[in-house]
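Following: one structure in structure tokens, then a few remarks.
The values are calculated or read from the model by the stated rules, or taken from the named source; none is laboratory data. Since this is a predicted model, take the numbers as computed values, not measurements. Cβ coordinates were reconstructed from backbone atoms using ideal geometry, including for glycine residues, and neighbour counts include every protein chain displayed.
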Amino acid sequence: MSAQEVLEAHWDGDVPVRPIAIAQAMGIQVFKSTDLGCSGQISVLDGGEVELIFNDGEPLVRKRFTVAHEIGHFALGHLSESTRLFRDEVAAFSSKVRDPKEVQANRFAAQLLMPADALRLAIQQGGKTISQLAEMFRVSEVAMKFRLINLGMLRG
Ligand SMILES: [Zn+2]
């Protein structure tokens with residue numbers, strides 16, 4: 001399932017997108033932890049339930065990106081009988097990460113948190129800096145900048 005498909009099925013259309021609500025709507029059990037030892041993880045339990053845990057000690061925009069990234073592992077079909085757990089350290093969210101699944105999950109997270117149509121509309125309304133757009137979509141400025149470049153709305 002692509003981020004676009006997830007948005008169409010489970011997003012209420014409001015900005016900022018609420019990734020936890022989307023995860024729950026997809027049937028994922030979401031928990032927060034302060035002693036996780038990483039930013040987030042998603043796993044398939046013995047009973048088949050899917051459980052997402054994020055590090056509640058990290059800044060809000062990081063937590064939102066983490067949850068969206070973990071949803072990506074689920075939606076993109078990365079979880080399987082042989083790979084029942086993804087644990088993500090901060091490095092997994094870096095633009096320097098090379099593992100294709102991590103790259104895909106990061107791309108998914110950006111698409112989920114910054115829906116293309118909502119972002120285009122915000123830009124058409126005009127007068128917003130990258131920092132203000134980041135604030136509006138509740139993502140980091142770096143994430144917003146990458147998204148704008150990828151959408152061809154900003155030159156890198
Ligand atoms: Zn990951």
Quiz item: Going through the stretch 36-59 one residue at a time, which ones are under 16 Å from Val90 (Cβ atoms) and free of Cβ contacts under 8 Å to residues at least 24 places away in the same chain?
Solution: Leu36, Gly37, Ile53, Asn55, Gly57, Glu58, Pro59
Quiz prompt | Looking only at the stretch 71-100, and only at residues there that are β-branched (Val, Ile, Thr) and part of a loop (DSSP other than H, G, I, E, B), the one that is farthest from the ligand (Cβ to nearest atom) | solution = Thr83
Quiz item: So Ala68 clears everything in (1) over 11 Å from the mean Cα position of the chain (by Cα); (2) surrounded by 18 or more Cβ atoms within 10 Å (Cβ to Cβ) except one condition, right? Which one?
Solution: (1)
Quiz item: If you scan the stretch 137-154, which residues turn out to be in a loop (DSSP other than H, G, I, E, B) and under 15 Å from the mean Cα position of the chain (by Cα)?
Solution: Arg138, Val139, Ser140
Quiz item: Out of all the residues in the stretch 32-65, which are under 15 Å from the mean Cα position of the chain (by Cα) and not charged (D, E, K, R)?
Solution: Ser39, Gly40, Gln41, Ile42, Leu52, Ile53, Phe54, Asn55, Pro59, Leu60, Val61, Phe65
Practice problem: Could you figure out which of (1) within 11 Å of the ligand (Cβ to nearest atom); (2) over 19 Å from Leu154 (Cβ atoms); (3) of a type outside the set (S, T, N, Q); (4) in a helix (DSSP H, G or I) isn't true of Val67? | Solution: (1)
Quiz prompt | Every residue from the stretch 101-119 that is away from the ligand (no atom under 15 Å from the Cβ) and either among the acidic types (Asp, Glu) or at pLDDT below 95 (or both) | solution = Asp117
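Within the stretch 40-82, track down each residue that is over 22 Å from Gln111 (Cβ atoms) and touching a strand residue (DSSP E or B) at 6+ places or on another chain (Cβ under 9 Å).
Ser43, Val44, Leu45, Glu49, Glu51, Ile53, Asn55, Asp56, Gly57, Ser80, Glu81, listed by residue number.
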Quiz item: Could you say whether any residue in the stretch 107-118 is under 26 Å from Phe31 (Cα atoms), of a type outside the set (Phe, Trp, Tyr) and in a loop (DSSP other than H, G, I, E, B)?
Solution: yes
Practice problem: Output the number of residues of the stretch 45-59 satisfying the condition of being on the phi < 0 side of the Ramachandran plot and either at pLDDT below 95 or outside any strand (DSSP E or B) (or both). | Solution: 8
